[in-house]
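What follows is calculated from the coordinates using simple rules that are stated; it is not laboratory data. Keep in mind that this is a model prediction, so the values were computed, not measured. Glycine gets a Cβ as well: all are built from the backbone with ideal geometry, and neighbour counts include every protein chain shown.
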């Protein structure tokens, strides 16, 4: 390759990297803009977008009743294996760094969700199977039951790139939110299925996948392995 060819190749690589960074910045900016818009919706306006009606104290108490199997008032790492969303985010809850989650810590974290004022947040996921994009997979975010039904499930189908835009079905949202493709703040179990590819139960019926919304982080990636693969 001549000198001119090398310069052209380097220029193309630079433009590709710059365009990729630009697209990421735009996606992040749009996500942040939506969050700010929702949070600033007028409190006195009956048409304003409102967050789900969650009682942090009641949700925390319900979570303890469901997962505190030994009744010691704490959710240990072992107990959290039954709640992959909490297990994944234990450091965000564990304010006293004792390696477990108390009812007060649960209520405090859930209060942060409520206080954000966000009705919906944009969320995209990327699904890889054996390190390759998995097209045509159905991804479901199933909210933890301790939210008392206030948080709705979200679903998305992956494109050829392995990416999917997650959204609560319109019929499960208030009328003034039904045109928004987004999810609600909360803690979820993640179930991934495929019509042609048999995925291990640990990704669906016996899922070990969890997710929790984090302000300013509108993307998540799930790396799956088929049965028998390394």
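Summary of values
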| read-out | value |
| --- | --- |
| Neighbour-count order for 142, 127, fewest beta carbons within 10 angstrom listed first | 142, 127 |
| Distance (nanometres) between label positions extended 7 Å along Cα→Cβ at residue 98 and residue 115 | 2.2 |
| Hull shadow area, averaged, the range 97-230 [alpha-carbon convex hull, nm²] | 9.8 |
| Sites residue 128 and residue 172 - FRET efficiency at Förster radius 35 Å, r taken between beta-carbons, to 0.05 | 0.80 |
| Ranking of 102, 145 by count of other Cβ atoms within 10 Å, fewest first | 145, 102 |
